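**Q** The following block contains the structure, expressed as structure tokens.
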Ligand code: UGA
């Protein structure tokens with residue numbers, strides 16, 4: 001008999017995991033406490049923007065393999081329960097808020113059937129899985145708990161779930177590993193690397209991976225600062241060092257830095273947890289990674305000030321991009337919106353465009369102006385900031401849009417535009433880590 005799976009928490013991670021597991025042939029039931037999410041998902045609609053997900057989800061719902069509920073008891077006959085709830089940063093601190101993970105475990109512990117495996121996928125501070133496992137066994141001695149961290153990227157969530165570059169399972173015994181091997185049999189047949197770890201190591205793998213990625217981005221942004229000071233060009237530097245396979249060229253895109261619901265909060269939660277464990281010094285460098293990252297936002301505001309004679313009052317600023325990265329409508333800790341809000345607070349008249357994230361951005365920053373189309377955004381502006389590298393922005397013709405703006409100054413916060421093209425069209429071109437030309 002094929003395993004029956006449940007997915008608790010249907011945000012980015014949970015909705016994607018549920019749809020992908022159903023597409024692999026399992027019967028899957030998704031649970032969420034938020035009724036509107038359940039209503040949406042049950043109709044085959046995804047309440048956020050994620051390429052390919054809606055199509056996959058509606059297909060699985062139509063096939064009858066995937067259902068959603070807000071009644072936790074409906075999960076009673078599942079064999080494996082994936083916990084996919086959020087672990088945001090606590091209010092007023094840097095640690096992770098485990099309220100949702102704890103309550104997910106408490107809500108199912110007593111009624112899951114004998115032999116059921118609870119599998120955590122949420123990003124948690126090391127030690128959480130062992131604590132939750134003890135609690136589960138205390139409430140239900142015939143159940144077990146494993147950890148299986150998730151590495152999916154927003155914008156590539158479906159691809160990353162169906163074809164992960166590795167599967168990491170934190171288990172306390174062989175049986176838990178065997179069950180997970182059954183769940184991921186298709187991936188194993190495709191030779192996806194499989195790493196068995198103990199519970200704490202599996203939790204650490206996730207935060208170590210995100211810390212490394214954050215470090216890579218802040219490293220190149222630190223080099224951008226030095227390039228600016230020395231008259232170098234960070235885009236050339238990144239290309240040159242990236243050819244060394246030990247370094248690799250990915251995640252070396254200098255600019256306004258990382259945001260989103262994962263990297264910033266994960267490195268902070270890691271620092272908080274390491275301190276609790278007496279290993280504060282070992283990850284102290286992450287403080288600097290965080291500072292370099294936040295400094296990039298200030299550095300771009302400095303570039304704006306330089307071009308606007310240090311006076312932003314009444315200046316019209318056009319901002320291209322609100323999402324924390326392209327192909328996403330997620331604005332959590334978005335560098336683009338943070339910069340937009342700070343520029344507006346300094347007295348400028350800011351208009352923000354984004355192809356997908358305006359509704360979410362408006363909720364978070366209701367005082368900012370938003371425009372539905374690029375031309376309205378650019379009209380009569382004194383300066384243009386390119387802050388999220390959506391493909392459509394690279395397709396803008398600098399010659400055509402020059403006639404719309406008041407002053408042709410482009411600040412490329414992502415080092416993603418073709419500088420020569422903009423210069424040739426008569427724009428001044430500014431970017432982090434490069435000389436300011438035009
Ligand atoms: C990140 C990790 O990449 C995933 O592996 C992980 O599963 C996920 O967090 C998570 O913990 O759930 P994600 O937040 O979707 O995924 O975004 P990334 O693609 O990692 O980008 C993060 C930020 O870094 C974005 O703001 C992006 O613009 C920025 N970035 C990325 C740069 O500034 N430069 C780069 O070279 C690359």
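The values are calculated or read from the model by the stated rules, or taken from the named source; none is laboratory data. This one's a predicted model, so the numbers in the text were calculated from it and none came from an experiment. Cβ: placed from backbone, ideal geometry, glycine included. Neighbour counts: every protein chain shown.
**Q** Given the criteria surrounded by 20 or more Cβ atoms within 10 Å (Cβ to Cβ) and either in a helix (DSSP H, G or I) or touching a strand residue (DSSP E or B) at 6+ places or on another chain (Cβ under 8 Å) (or both), does residue 286 qualify? Break it down into steps so the answer makes sense when it comes.
**A** Working: surrounded by 20 or more Cβ atoms within 10 Å (Cβ to Cβ): yes; either in a helix (DSSP H, G or I) or touching a strand residue (DSSP E or B) at 6+ places or on another chain (Cβ under 8 Å) (or both): yes.
So residue 286 fits the description; yes.
**Q** From the list 314, 347, 260, exactly one residue is at positive phi and in contact (Cβ under 8 Å) with a residue 40 or more places away in the chain. Which is it? Can you show your working first?
**A** On the way: 314 fails: in contact (Cβ under 8 Å) with a residue 40 or more places away in the chain; 347 fails: in contact (Cβ under 8 Å) with a residue 40 or more places away in the chain.
From the options 314, 347, 260, the qualifying one is 260.
**Q** Does segment 166-177 contain at least one residue that is in contact with a helix residue (DSSP H, G or I) (Cβ under 8 Å, 6 or more places away or on another chain) and in contact (Cβ under 8 Å) with a residue 60 or more places away in the chain?
**A** Going through segment 166-177, the residues in contact with a helix residue (DSSP H, G or I) (Cβ under 8 Å, 6 or more places away or on another chain) turn out to be 167-172.
With in contact (Cβ under 8 Å) with a residue 60 or more places away in the chain added as a condition, the list becomes none.
So far as segment 166-177 goes, no, none of its residues is in contact with a helix residue (DSSP H, G or I) (Cβ under 8 Å, 6 or more places away or on another chain) and in contact (Cβ under 8 Å) with a residue 60 or more places away in the chain.
**Q** If you don't mind, there's one more thing I want to ask. Please verify whether residue 281 is out of contact with any strand residue (DSSP E or B) (no Cβ under 8 Å at 6 or more places or on another chain), more than 15 Å from the ligand (Cβ to nearest atom) and either assigned to a helix (DSSP H, G or I) or closer than 30 Å to residue 371 by Cα (or both), treating the condition exactly as stated.
**A** For residue 281, the condition - out of contact with any strand residue (DSSP E or B) (no Cβ under 8 Å at 6 or more places or on another chain), more than 15 Å from the ligand (Cβ to nearest atom) and either assigned to a helix (DSSP H, G or I) or closer than 30 Å to residue 371 by Cα (or both) - is met.
**Q** Within segment 365-383, identify whether any single residue is closer than 24 Å to residue 254 by Cβ, in the same structural domain as residue 420 (by TED's automatic domain parsing) and touching a helix residue (DSSP H, G or I) at 6+ places or on another chain (Cβ under 9 Å), and answer yes or no. Before you say what the answer is, go through the steps one by one.
**A** Residues of segment 365-383 closer than 24 Å to residue 254 by Cβ: 383.
In the following step, the residues that additionally are in the same structural domain as residue 420 (by TED's automatic domain parsing) were identified as 383.
Applying the additional criterion that residues be touching a helix residue (DSSP H, G or I) at 6+ places or on another chain (Cβ under 9 Å) yields 383.
Within segment 365-383, one or more residues are closer than 24 Å to residue 254 by Cβ, in the same structural domain as residue 420 (by TED's automatic domain parsing) and touching a helix residue (DSSP H, G or I) at 6+ places or on another chain (Cβ under 9 Å).
**Q** Can you confirm whether segment 37-52 contains a residue that is buried (at least 24 other Cβ atoms within 10 Å of the Cβ), over 19 Å from residue 132 (Cα atoms), modelled with pLDDT of 95 or more and in the same structural domain as residue 144 (by TED's automatic domain parsing)?
**A** yes
**Q** For segment 101-126, enumerate the residues that are within 26 Å of the chain's Cα centre (by Cα) and crowded, with 19+ Cβ neighbours inside 10 Å.
**A** Taking segment 101-126 as the starting set, the residues that turn out to be within 26 Å of the chain's Cα centre (by Cα) are 101-105, 118-126.
101, 104, 105, 118, 119, 120, 121, 122, 123, 124, 125, 126 - these are the residues of segment 101-126 that are within 26 Å of the chain's Cα centre (by Cα) and crowded, with 19+ Cβ neighbours inside 10 Å.
**Q** Being touching a helix residue (DSSP H, G or I) at 6+ places or on another chain (Cβ under 9 Å) and closer than 24 Å to residue 153 by Cα narrows it down to one residue among 311, 327; which is it? Before the answer, list the steps.
**A** Values: 311 fails: closer than 24 Å to residue 153 by Cα.
Just one listed residue meets the conditions, 327.
**Q** Being modelled with pLDDT under 95, within 12 Å of the ligand (Cβ to nearest atom), buried (at least 19 other Cβ atoms within 10 Å of the Cβ) and not assigned by TED's automatic domain parsing to the domain that holds residue 387: is that true of residue 255 here?
**A** Details: modelled with pLDDT under 95: no; within 12 Å of the ligand (Cβ to nearest atom): yes; buried (at least 19 other Cβ atoms within 10 Å of the Cβ): yes; not assigned by TED's automatic domain parsing to the domain that holds residue 387: yes.
Here the answer is no, as residue 255 does not meet what is asked.
**Q** In segment 345-391, which residues are within 19 Å of residue 324 (Cβ to Cβ), away from the ligand (no atom under 16 Å from the Cβ) and surrounded by fewer than 18 Cβ atoms within 10 Å (Cβ to Cβ)?
**A** Of everything in segment 345-391, those that are within 19 Å of residue 324 (Cβ to Cβ), away from the ligand (no atom under 16 Å from the Cβ) and surrounded by fewer than 18 Cβ atoms within 10 Å (Cβ to Cβ) turn out to be 359, 362, 363, 366.
**Q** Output the residues belonging to segment 321-344 that are more than 14 Å from the ligand (Cβ to nearest atom) and touching a strand residue (DSSP E or B) at 6+ places or on another chain (Cβ under 9 Å). Full working, then the answer.
**A** To start, the set of residues in segment 321-344 that are more than 14 Å from the ligand (Cβ to nearest atom) comprises 340-344.
Selection gives 340, 341, 343, 344.
**Q** Scan segment 13-28 and tell me whether some residue there is within 15 Å of the ligand (Cβ to nearest atom), without any contact (Cβ under 8 Å) to a residue 60 or more places away in the chain, in the same structural domain as residue 150 (by TED's automatic domain parsing) and closer than 16 Å to residue 162 by Cα.
**A** If we filter segment 13-28 for residues that are within 15 Å of the ligand (Cβ to nearest atom), which is where we start, we get 13-17, 20.
Next, from what is left, pick out any that are without any contact (Cβ under 8 Å) to a residue 60 or more places away in the chain: 15.
Going one step further and asking which of them are in the same structural domain as residue 150 (by TED's automatic domain parsing), we end up with 15.
Filter once more, so that each one left must be closer than 16 Å to residue 162 by Cα: 15.
Within segment 13-28 (the criterion being within 15 Å of the ligand (Cβ to nearest atom), without any contact (Cβ under 8 Å) to a residue 60 or more places away in the chain, in the same structural domain as residue 150 (by TED's automatic domain parsing) and closer than 16 Å to residue 162 by Cα), the answer is yes, since at least one residue qualifies.
**Q** Return yes or no: is residue 402 surrounded by fewer than 22 Cβ atoms within 10 Å (Cβ to Cβ), more than 16 Å from the ligand (Cβ to nearest atom), at negative phi and under 22 Å from the mean Cα position of the chain (by Cα)?
**A** On the way: surrounded by fewer than 22 Cβ atoms within 10 Å (Cβ to Cβ): yes; more than 16 Å from the ligand (Cβ to nearest atom): yes; at negative phi: yes; under 22 Å from the mean Cα position of the chain (by Cα): no.
When the stated conditions are applied, residue 402 does not pass them.
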